[in-house]
Amino acid sequence: MNYQLENKMKTIKLATALAALLIAPAFAHDQHEHGSFSAGEPGNPKKSARTIEILLNEMDYAPARIEVKRGEQIRFVLRNVGKEDHEFLLATTKENLAHAEVMKKHPHMEHDDPNGVRLAPHKTAEILWKFTKAGTFEFSCLIPGHRDYGMVGHVTVN
Ligand SMILES: [Cu+2]
């Protein structure tokens, strides 16, 4: 193989590998393999769900502690009744703390993920979530300072 052709082949192989990396998450999403969520998976709107309303305020959640059964689907109705923006990010404590570090550098990061939302004052949002794993998870507001002041709640999945 001459030098030019060999280089071309290398480029093609690299491009193929990159394409596979880009396409893989899209496939995973289509197949509902939400391996990237630490607290379970996005809910299925066609299935029944228990509604839990949670109020977001300076600087807490009400209620701040809930219990669910493994496999249960919850429709979180989130209302920001405070005067500042607040978030509800459902994950493990480990994941939220890592995320908090990123938020220190980018405090205005917007969240519109299946497991989280940022709400302006007086806004309401819903998150449909299926708790597929047993354990203790949390919801937290990672706007710098808010978590430390008390914006963290816990979900126990039995
Ligand atoms: Cu907050």
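The values are calculated or read from the model by the stated rules, or taken from the named source; none is laboratory data. Here the structure is a predicted model, which is why all the values come from computation and not from measurement. Please note: Cβ atoms are built from the backbone with ideal geometry, for glycine as well, and neighbour counts cover all protein chains shown. With ligands, DNA and RNA removed, areas are computed over all heavy atoms of the protein, side chains included. Shrake-Rupley method; radii C 1.70, N 1.55, O 1.52, S 1.80 Å.
A few points about this structure:
- When region 103-135 is filtered for residues that are hydroxyl-bearing (Ser, Thr, Tyr) and closer than 20 Å to Leu55 by Cα, only Thr124 remains.
- If you filter region 45-62 down to residues that are part of a loop (DSSP other than H, G, I, E, B) and away from the ligand (no atom under 16 Å from the Cβ), you find that the one that is least open to solvent (accessible area, probe 1.4 Å) is Ala49.
- Some residue of region 116-135 being acidic (Asp, Glu) and open to solvent by less than 40 Å² (accessible area, probe 1.4 Å): no
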